[in-house]
Amino acid sequence: MIGLCLVGGLVLAGFLAPVTVGLGWLSNKVSGSTDPVSAQLVGKRVSTGLPLVTTVLDRNGALMAVLSDQYRLPVSYEQIAPTMTAAIVSVEDRRFFEDSGVDVRAALRAVLHNSVGGSLQGASTITQQYVKNFLINVVDRNDPMAQQADRADTLARKLREAEIAVQINHIMPKTDILAGYLNVVEFSGNIYGIGAAARAFFETTPDRLTVPQAALLAGMVNNPTRYNPYTHPQQAMGRRNTVIDSMVQNQSLSAADAAVAKAAPLGVVPGGPTIPGTGCMSAAPDAGFFCDYAVRYLEQAGFTADQVDAGGYTIQTTMDPTISGTIKNAVDKNVAPTQDGVANTFALIQPGTVSHQVLAMVANRSFGTDADRGQTARNIVADASNVFGAGSSFKIFTTAAALETGKVGFNSTLPDPSSECFPPLKVDRDTRCYPVQNVQDGPPYPDPISLQAALATSPNVAFVDLEAKVGMPAVLQMAERLGLRRTLATSDAGGTPISDPADPLSKNPQYNQPQSQYFQNLLSFTLGNSPVSPLEMANVAATLKSGGTWCPPDPILSVTDRNGRPVQIARPPCQQVVAPALANTLLAGLSQDTVSGTSATAARAVGWTRPDIGKTGTTEESKSVAFIGAANNYAASSMLFADGSNPQELCPGPPVHLGNCGNGAFGGTVAAPPYFQAMSQILAGQPDQPIPGPDPAYAEAGARAPIVPYVVGQDSAAAQQTVQQAGYPVALQQIDSTTAAGRVVGQTPQGNADPHTPITVFVSSGTTPTG
């Protein structure tokens, strides 16, 4: 027996020797090669690099939404109450302020226990726990496999943690390590760090935590699920009192004070924990679509989704809460949020030559997933979500192209028979003529009809004839230039063109081609029967009101990082896309719709007399109606369309509804009213701003100044050569863009320009700054 004991002792000593030597070495010497994780920990201290909450604000600085991957409110050591630091040290690592990052005695005790067949015991210091939690919650938070390895109960994992712990212990003050641990650790659900936990469970700050509060939170970090005070209050109470007892044992709390603390109730906020709703779907009903568009705008500017959700940015948007609320009331009055199958979108933009700030993006729907409450998870204001089209409002593009090419002038008249069958643009043995007839709800249209009267009353035959004379390439290019950038990149079904050959729809041009290609030989484009973005149609009006200057619809005033420093945003540059004289002439042509045209009745109903522009649209089966308008320094689109699984004709209300009413809704009867109601309030007290008259250069049909070749999308070298050969000097300007490097992403000026006019061509760098 004595011999066996001696042998067993020698074996155990041999087993423990390498571990003892290793731990002793770690305790006294940092490895020559520093682990990358330790460098991150040392460099990131309290908050830098931790996933933080991003806040989205309106233009007045009020909170719109909170974006977070982990709800965390970092604090410094000085902002943490001594009760909290005492509680966590007492229960997790009593020798924290004396150890060297690892506790050799505890580690040896655990190894001894494990060596004789016991379960693998922990011996982790707070410093080691800091390392582990940093790996799980920060470094590998988007990598489940790596997180699994970070949690693996293996000696190799524990030794790596120990080495990193020793490294950072030699460099970081103990107070920074303790604050770092308390900032990174998970408490429950999506609550990370002591700042968020104090607010969520007690609606207080870490510097004001009482002993019972601190003990409860300190106890939770061991097992946030088991010790959740809402789901397991008895276990949470028991764990809290264990922590209080440990504080007495560690001489950080007297026995008398401990008795008082243990007698206190849990004291958490009722119905909690209280954490802000996360994501744009938690925004107010008039702000969700705007918030979503702002986030996507930043992602298109080079920010990753992870950066936005966890970067700790402050995003101040251009949304005007007063204007947005006014418009929301108008559309809800027009179409109730829960009205089955009918969406009413409304976008408002502020024109300008240096930016087009978006002021409101609302709908009777709100941004969310509860269809029973009238919510939708698709951004029906920003996307090409109106799959039935904007109707005759697309005649704006045909008119602009005709004016630019000299096919018509402001004083021109257009042939306008009641019906016509137009020869196809692409002839083959299967083609037939395209039949078109005028649809009207009043006296017959005159034949011929003046251009201004045609824009006000919208005869189909006159505009399809004009479109055929101008040619589809020029009309489609004009639509893109004036603002339908993303719309024309979608398919005629409203989605991304399908290129996967395994998908049967990839053989169908309606699904596999962008609209810019699909409509090259289809005269139906000017009748607006294709998917369209309501926001982009509002921006078309803003482009005209800006003297022909297109700017992207911009939802961002500023972005600051977690330290309050401004962040650069790669914004597409504004561009002169049509000559100012043409823009003003087209504005004059659109100025009679609310006076004597299709929206005049709706305007009179609210006493509207302001000078403005307007264009209505109604699709053939009345599944979509639209009104595009602008007054003073505002440009808008109001669109109603069938948005359910069983789309039908829109019938006028109240309420506007789906049905088979025989005489369906029109742009002037149901899309224009919310515009006039909202704009009457928004413009109240503001003086009228006149609409410019037609420019003499565009008064008559005939010769115009040459048109600058449109080279957007081309390689920069080829684009430069094309423009120069047309007689224009070229200046290439590189800009930040996610488009492939060397591709032309814009040019200014465009349209009619005298020879020798300098043309700036914007070329993508292929990269974008990301804050």
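The values are calculated or read from the model by the stated rules, or taken from the named source; none is laboratory data. Please read all numbers here as calculations on a predicted model, not as lab measurements. Positions of Cβ are generated from backbone atoms using ideal geometry, with glycine treated the same way; all protein chains shown enter the neighbour counts.
Figures for the structure shown
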| read-out | value |
| --- | --- |
| Count of residues meeting criterion [of a type in the set (Asp, Glu) and either part of a helix (DSSP H, G or I) or surrounded by 24 or more Cβ atoms within 10 Å (Cβ to Cβ) (or both)] in region 523-554 | 1 |
| In region 525-574, the residues that are among the acidic types (Asp, Glu) and within 22 Å of residue 744 (Cβ to Cβ) | 536, 554 |
| Residue check, residue 353 polar (S, T, N, Q) and either in a helix (DSSP H, G or I) or free of Cβ contacts under 8 Å to residues at least 60 places away in the same chain (or both) | no |
| Residue in region 634-653 that is buried (at least 17 other Cβ atoms within 10 Å of the Cβ), touching a residue at least 12 places away in the same chain (Cβ under 8 Å), part of a helix (DSSP H, G or I) and aromatic (Phe, Trp, Tyr) present | no |
| Pairs, first in the same structural domain as residue 682 (by TED's automatic domain parsing) and part of a helix (DSSP H, G or I) in region 327-341, second crowded, with 23+ Cβ neighbours inside 10 Å and of a type in the set (Gly, Ala, Ser), C-beta under 9 Å, six or more apart | none |
| Some residue of region 673-681 being assigned by TED's automatic domain parsing to the domain that holds residue 400 and either surrounded by fewer than 18 Cβ atoms within 10 Å (Cβ to Cβ) or of a type in the set (Asp, Glu) (or both) | yes |
| Of the criteria (1) touching a helix residue (DSSP H, G or I) at 6+ places or on another chain (Cβ under 9 Å); (2) surrounded by 15 or more Cβ atoms within 10 Å (Cβ to Cβ), which one residue 175 fails | (2) |
| Any hit, region 348-362, residues being over 25 Å from the mean Cα position of the chain (by Cα), within 29 Å of residue 684 (Cβ to Cβ) and surrounded by fewer than 24 Cβ atoms within 10 Å (Cβ to Cβ) | no |
| Members of region 233-279 that are more than 19 Å from residue 87 (Cβ to Cβ) and in a loop (DSSP other than H, G, I, E, B) | 269, 270, 271, 272, 274, 275, 276, 277, 279 |
| Filter pass, residue 619 being assigned by TED's automatic domain parsing to the domain that holds residue 666, within 28 Å of residue 550 (Cα to Cα) and touching a residue at least 40 places away in the same chain (Cβ under 8 Å) | yes |
| Leading residue by the ranking (surrounded by the fewest Cβ atoms within 10 Å (Cβ to Cβ)) among those in region 299-323 that are in a helix (DSSP H, G or I) and in contact (Cβ under 8 Å) with a residue 60 or more places away in the chain | 306 |
| Filtered residues of region 365-377 (kept if farther than 8 Å from residue 338 by Cα, touching a residue at least 12 places away in the same chain (Cβ under 8 Å) and part of a loop (DSSP other than H, G, I, E, B)) | 368, 369, 377 |
| Single residue of 437, 515, 520 found to be surrounded by 20 or more Cβ atoms within 10 Å (Cβ to Cβ) and either out of contact with any helix residue (DSSP H, G or I) (no Cβ under 9 Å at 6 or more places or on another chain) or touching a residue at least 24 places away in the same chain (Cβ under 8 Å) (or both) | 515 |
| Criterion (surrounded by fewer than 18 Cβ atoms within 10 Å (Cβ to Cβ) and of a type in the set (Phe, Trp, Tyr)) met by exactly one of 422, 397, 367, 388 | 422 |
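Yes or no, residue by residue, for (1) surrounded by fewer than 19 Cβ atoms within 10 Å (Cβ to Cβ); (2) closer than 20 Å to residue 480 by Cα; (3) without any contact (Cβ under 8 Å) to a residue 40 or more places away in the chain:
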| site | (1), (2), (3) |
| --- | --- |
| 713 | yes, yes, yes |
| 741 | yes, no, yes |
| 744 | no, yes, yes |
| 754 | yes, no, no |
